[in-house]
Amino acid sequence: MRVIAGKARRIQLNAPAGMDTRPTTDRIKETLFNMIQDELYDIKFLDLFAGSGGIGIEALSRGAAKAYFVESNKKACEVIRDNLARTHLEDAAEVVNMTALSAIKRLSGKERFQVVFMDPPYGKGFEKQIMSDVSFCSLLEDNALVIVEADLDTVLSPYDYPGLTLLKEKIYKTNKHIFLEKC
């Protein structure tokens, strides 16, 4: 796993030991960032269920001004901090060691984001719980982009999430990215 492009290009990233996280593969990460590259310059990026921090680090490397990494696993947070130090991006980062829902409530009214990426454990409905929470939309700037990495069986109906519009889905062999926009 490595940073694909930008100022930290080619730097290898570590992943937390064990099976609690599933880092996004380089090929999927490259496809994702090719799709959103124009959205990244000088923005605030929120990486929920950050794991190793690879997605948020890629956003910082490609021009995001600030990234928040939310991860409930303490050892994964240590890996994120190590990866930020390896890439020299720690000054533009905030690592938040708590559940995604708790972090949303804590950040609500204090921070607003232009891009939110979430990669929760598959099949547990965390993405639906988060997007249904009233605090979530208050974190989003107008026209903010929300990207959910999910298994192929996950269906997100924009009718269930007032204020969000489904833009598209990008389907891969084993998972997909769902793109929504705050309207």
Taking only C-alpha positions in the range 1-91, Rg and Dmax in angstrom work out to 11.8, 34
Expressed to one decimal in nm², the mean projection of the alpha carbon convex hull of the range 20-64 is 3.0 nm²
Which of Lys124/Lys176; Lys74/Lys170; Lys44/Lys173; Lys74/Lys168; Lys110/Lys168; Lys66/Lys124 exceed 26 Å between C-alpha atoms? The answer is Lys74/Lys170; Lys44/Lys173; Lys74/Lys168; Lys110/Lys168; Lys66/Lys124
Answer in debye to the nearest 20: the dipole magnitude of the chain about its Cα centre, from +1 Lys/Arg and -1 Asp/Glu charges placed on Cβ, is 360 debye
Summing -39500 (n - 2.57) over every DSSP H run of at least 4 in the chain, dividing by its residue total and rounding to the nearest 500, the 222 nm mean residue ellipticity is -8000 deg cm²/dmol
Rounded to one decimal in nm, the spacing of the 7 Å Cα→Cβ label points at Ile171 and Gln129 is 2.8 nm
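Within 10 Å, count the other beta carbons around each residue, average over each peptide in 42-54, 154-166, and list them highest first.
The packing order, highest mean first, is 42-54, 154-166.
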Stretched fully, the stretch from Asp153 through Ser108 gains (0.36 nm per residue minus C-alpha distance, one decimal, in nm) 13.2 nm
Simple SL model, points at 7 angstrom along Cα→Cβ for Asp38 and Lys7; separation in nm is 2.4 nm
Ratio for the chain, C-alpha Rg to 2.2 N^0.38 Å, reads 0.93
To the nearest Å², the heavy-atom accessible area per residue of the chain with 1.4 Å probe amounts to 49 Å²
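The values are calculated or read from the model by the stated rules, or taken from the named source; none is laboratory data. Because the structure is a prediction, the values reported are computed rather than measured. Virtual Cβ from ideal backbone geometry, glycine too; neighbours counted across all protein chains shown. SASA here: full protein model, heavy atoms, side chains in, ligands and nucleic acids out. Shrake-Rupley method; radii C 1.70, N 1.55, O 1.52, S 1.80 Å.
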